[in-house]
Amino acid sequence: MPYYWGTLKRGGGVDSLDFQKIKLTLGGYRGGLTVAVSANKLKKQLMARIDEEDLVQVEKVERYINLVKSFREINKTIEKEGESVVTENGSQKFTKAHPLIGERNKVNASLLNIERSFGFEPENIDDTKNTEHSASDLT
């Protein structure tokens, strides 16, 4: 269920409310509270985890931050215009997926590739992953 908050804008003789929304949903693609981390905080955290003398790693952080910003802009556009768009071609009218969804997927794949290339070790290692299982575990 979305929650809304707004601010009163005055101007041009007309008062209007500028509403913003956050989505609070359970599970799925938009699970939990959607909160964007500041790009500067993200960059500081990444820079703290890499060797700042390694120019390749520093460049990866810069590319990563630029991709994060692009991803966020694409998401804003999709949320503003909707996930589907209506196309009119002469007398034909049909609905299709927003063209930026494919671009968002490409940017996301690039982000994941850069994340993997950093080679960070997981902070919380789950010991149960290395546990051997047998058929009797299923009963």
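Read-outs throughout are calculated quantities, based only on the coordinates presented, and are distinct from any laboratory measurement. Small disclaimer: the values here were computed from a predicted structure and weren't measured. Note that we place each Cβ from the backbone using ideal geometry, even for glycine, and neighbour counts take in every protein chain shown.
Computed from the C-beta positions of residue 47 and residue 112 and an R0 of 22 Å, the FRET efficiency is 0.65 to the nearest 0.05. Between 118, 68, 55, the Cα set farthest toward the positive side of the dipole of the stretch 38-129 (charges on each charged residue's Cβ, about the Cα centre) is that of 68. Annotation: amide H of residue 98 within the under-5 Å range of 84, 85, sequence separation 5 or more or interchain, hydrogens built in the peptide plane.
Determine the sum of side-chain charges near residue 66: Lys and Arg each +1, Asp and Glu each -1, restricted to other residues whose C-beta is under 13 angstrom from that of residue 66.
Working: positive: 43, 60, 63, 69, 72; negative: 59, 62, 73.
After counting each charged neighbour, the total is +2.
Each part gets one Cα centre, and for the stretch 94-123 versus the stretch 48-74 those centres are 14 Å apart. For the residue pairs 69/106; 43/80; 60/80, alpha carbon separations beyond 21 Å are given by 43/80; 60/80.
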